[in-house]
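The values are calculated or read from the model by the stated rules, or taken from the named source; none is laboratory data. No experiment lies behind these values; they were computed from the predicted model shown. Cβ sites come from the backbone with ideal geometry, for glycine too, and all protein chains shown count toward neighbours. Each accessible area value is taken on the protein alone, full model and side chains, heavy atoms only, with ligands, DNA and RNA left out. Shrake-Rupley method; radii C 1.70, N 1.55, O 1.52, S 1.80 Å.
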Amino acid sequence: MAAIFRGLDAEAYDRQYNDRELLNRIFQYFSPYRRQWFIIILCAVYQSIAGAGAPILIAEGVNIMADNGDPTLIPYLIFAVFFLGTSNWGINWVRRRNTSEVLQDVILNIRGDAFAAAAQQDLSFYDKFSSGRIVSRITSDTTDFSQVVELSTDIFNQVTTALILIIYLFTIEVRLTLTVLSISPILVIAALGFRRLARRVTRQASRAIGEVNKAVQEVVTGIGVAKNFRQEATIYNDFTAVNQQVYGINVRRGFVMANIFPTLSILSGFATAALVYFGGLSAAISLITISAWYLFVATIDRFWFPVINISSFWSQFQAGLAAIERVFALMDTEPTVKQTASNPVPPLKGKISFQNIAFRYTEQEQILTNFSLDIPAGETIAIVGHTGAGKSSLIRLVARFYEFQAGQLFIDDHDIRTFDLAAYRQQLGIVSQVPFLFDGTIADNIRYGQPDITDDAILAMARRIGNGEWLDTLPQGLNSHVGERGSRLSMGQRQLVALIRVLVQKPSIFILDEATASIDPFTESQIQEALDLIMKQTTAIVIAHRLSTVRAADRIIVLSQGDIIEQGNHDQLMAQAGHYANLYDTYFRHQSLSYINSKGWEQTAVSPPPPSP
């Protein structure tokens, strides 16, 4: 059994709320729809009266015939039963339509808030937690909750019906009715016994669905790698294992939920049998009339049905609370990046100052210790160093994607923690190591950061790079579809689109994590053109993997284990014959052996190019 639940532990940001906290929060979402809920409640009350009225009218008809009452009332009773039944259909339609509208509006708002909370999380949050599981909370858990809420409107009918019937039972026989009320708590206690179990298995089922979403997302995202290594069977087997785990958990959950109603029905059956027996004895010794005893037995069966529904619903309601609890936990997760203020951001010049910064991803992974660096406005710096030196950490801190633990970071002499983050990031231009493109056209992706830019402006900007020759290789130019994640374009073309996307944004600070993919010299020269256009008008921080970018930088920062060990331009650092020279020999020298530039002449990167004719 333990194997079924392996890997289904709660996330670190999960928390448990008590029922009152959850209900108060849920009511906040439903409170704007008071008018619709008033209509729903009126309809539910009418349905309850109709549901309880039919057996009462039938019982009264039987009572009339048993006691030789007025037979002319029978047709009226029959008509009343018919009217209650037919009108109930129309009222039910009104109730369900209003319920559906309100519920979908509420779920729309909850999902919107949950998505907004997920979008506001820092990148460190997604380093720790699977995006597939997060998606499951926003989609599957909200759906489970909506189903329980819809069921709750039916339960309101059952509560009202039970109240009406118990009042009617008092009119028939007080002592037997009191006996019924004394037995009812047994059903409630039995239902409460399922409460924690239902909530626990629902949490496990929700986590299991999250595991499925995670597995599917990973497989779909990495399908190209799986096919390259011919691992289709492996990923199928991995998914089958997860799928079987979910199957086992849902079977267990179904077993728990399916046993609630039968258990309560059995208990109510024993209660009814006892009432029939003792009621029969009372009728035999003339303590109650036989007709009253018959009416009581006929009505008590109608009474138990809503009582059982109400009792069993409590466990199902707990399942709904378990689902919404996971959603609220996502909403309540505090970002680790915290601003001390939200001041407007003036047009930035791009001066950056790290002062005694300490940064770590985890307690065991210290990256920067007492790190300081000043970058004047307009300067282009290239950051080089071995893997793990802290290169990416620096640009993540400038972008405010991660929180540093000590020190200060100033932008134009303003504490970065005092900025309105959205306004600040509007003045950043960031190109990641693997440029991400959204499914759509090239033009759509370029205008992603500047939605109002025209196609003519985009085309003019694109033509500034290599005279637009890269566009001519595409079937429909700017209107060419890039495919999912840019799969229809080469890596170089993706980089060009990402760079032009930043270029039209006109950022004050440009951040580039260059890709390490092999790119042909012609494409590299076009990429360098785009970089030159951006760097002319901005402060630039580049994690450099290409020699052309390193040589073009105003200053090269050499990092080792989070410390600056060398800095200067290319020639200065080569003359020192230190760490940078070793890096150059290891990573860059092969790029200089046979470099063909866009003009078609051959050069070595360590010597200046021949003059243009």
* To do: Answer with yes or no whether Gln526 is in contact with a Pro (Cβ under 7 Å, 6 or more places away or on another chain) and either at pLDDT 75 or above or within 29 Å of Asn467 (Cα to Cα) (or both).
  => no
* **Cross-chain or 6+ apart pairs with Cβ under 9 Å, the stretch 339-365 first and touching a residue at least 12 places away in the same chain (Cβ under 8 Å), then open to solvent by 60 Å² or more (accessible area, probe 1.4 Å) and basic (Lys, Arg)** => Phe359/Arg396
* Quick one: is Asp452 among the acidic types (Asp, Glu), within 18 Å of Arg501 (Cβ to Cβ) and outside any helix (DSSP H, G or I)? -> yes
* To do: Can you work out which of the residues in the stretch 344-372 that are over 30 Å from Ile556 (Cβ atoms) and under 29 Å from the mean Cα position of the chain (by Cα) is most open to solvent (accessible area, probe 1.4 Å)?
  => Gln364
* **Restricting the stretch 101-117 to residues that are open to solvent by less than 80 Å² (accessible area, probe 1.4 Å) and hydrophobic (A, V, I, L, M, F, W, C), the residue that is nearest to the chain's Cα centre (by Cα)** => Ala114
* Asked: In this structure, does Ala540 turn out to be at pLDDT 80 or above, out of contact with any Cys (no Cβ under 8 Å at 6 or more places or on another chain), within 21 Å of Ala377 (Cα to Cα) and of a type in the set (Gly, Ala, Ser)?
  -> yes
* Structure fact -> A careful count of residues in the stretch 373-390 that are surrounded by 20 or more Cβ atoms within 10 Å (Cβ to Cβ) and under 14 Å from Ile511 (Cβ atoms) gives 5
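Okay, residues lined up against (1) of a type outside the set (Val, Ile, Thr); (2) at pLDDT 75 or above; (3) open to solvent by 20 Å² or more (accessible area, probe 1.4 Å); (4) under 15 Å from the mean Cα position of the chain (by Cα):
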residue	(1), (2), (3), (4)
Ala119	yes, yes, yes, yes
Leu123	yes, yes, yes, yes
Thr143	no, yes, yes, yes
Asp154	yes, no, yes, no
Val188	no, no, yes, no
Arg195	yes, no, yes, no
* Failed condition for Ile91, given (1) farther than 30 Å from Leu287 by Cβ; (2) in contact with a Ser or Thr (Cβ under 7 Å, 6 or more places away or on another chain); (3) modelled with pLDDT of 80 or more, with all others met? -> (2)
* Asked: Of all residues in the stretch 37-65 being modelled with pLDDT of 75 or more and either acidic (Asp, Glu) or open to solvent by less than 40 Å² (accessible area, probe 1.4 Å) (or both), which is farthest from Phe156 (Cα to Cα)?
  -> Ala50
* Structure fact -> Note on Val345: of the conditions (1) more than 22 Å from Asp122 (Cβ to Cβ); (2) in a loop (DSSP other than H, G, I, E, B), unmet is (1)
* Please work out if Thr139 is farther than 30 Å from Phe270 by Cβ and modelled with pLDDT under 75. => no
* Of the conditions (1) at pLDDT 80 or above; (2) of a type in the set (A, V, I, L, M, F, W, C); (3) out of contact with any Lys or Arg (no Cβ under 8 Å at 6 or more places or on another chain), Ile465 clears all except one; give me its number. => (1)
* Unmet requirement for Ala377, which otherwise passes all of (1) closer than 14 Å to Arg555 by Cβ; (2) at pLDDT 90 or above; (3) part of a strand (DSSP E or B) -> (3)
* Structure fact -> Only one of Leu499, Leu559, Leu533 is open to solvent by less than 10 Å² (accessible area, probe 1.4 Å), touching a residue at least 40 places away in the same chain (Cβ under 8 Å) and farther than 20 Å from Gly385 by Cβ, namely Leu499
* Contacts under 7 angstrom Cβ, first residue in the stretch 461-478 being within 14 Å of Ala443 (Cα to Cα), partner assigned to a loop (DSSP other than H, G, I, E, B) and at pLDDT 75 or above, 6 or more apart -> Met461/Val504; Leu474/Ser480
* Asked: Does Arg494 meet the test of being under 13 Å from Ala530 (Cα atoms) and in contact (Cβ under 8 Å) with a residue 40 or more places away in the chain?
  -> yes
* Has the stretch 66-74 got any residue that is of a type outside the set (D, E, K, R), on the phi > 0 side of the Ramachandran plot and at pLDDT below 80? -> yes
* Does Ala443 satisfy the condition of being open to solvent by 10 Å² or more (accessible area, probe 1.4 Å) and over 28 Å from the mean Cα position of the chain (by Cα)? -> no
* Asked: In the stretch 391-422, which residue that is open to solvent by 30 Å² or more (accessible area, probe 1.4 Å), touching a residue at least 12 places away in the same chain (Cβ under 8 Å) and of a type in the set (A, V, I, L, M, F, W, C) is farthest from Pro346 (Cα to Cα)?
  -> Ala406
* Could you grab me the full set of residues in the stretch 423-440 that are assigned to a strand (DSSP E or B) and open to solvent by less than 30 Å² (accessible area, probe 1.4 Å)? => Leu428, Gly429, Val431
* To do: May I ask you to verify whether Ala329 is farther than 22 Å from Arg425 by Cβ, touching a residue at least 60 places away in the same chain (Cβ under 8 Å) and surrounded by fewer than 22 Cβ atoms within 10 Å (Cβ to Cβ)?
  => yes
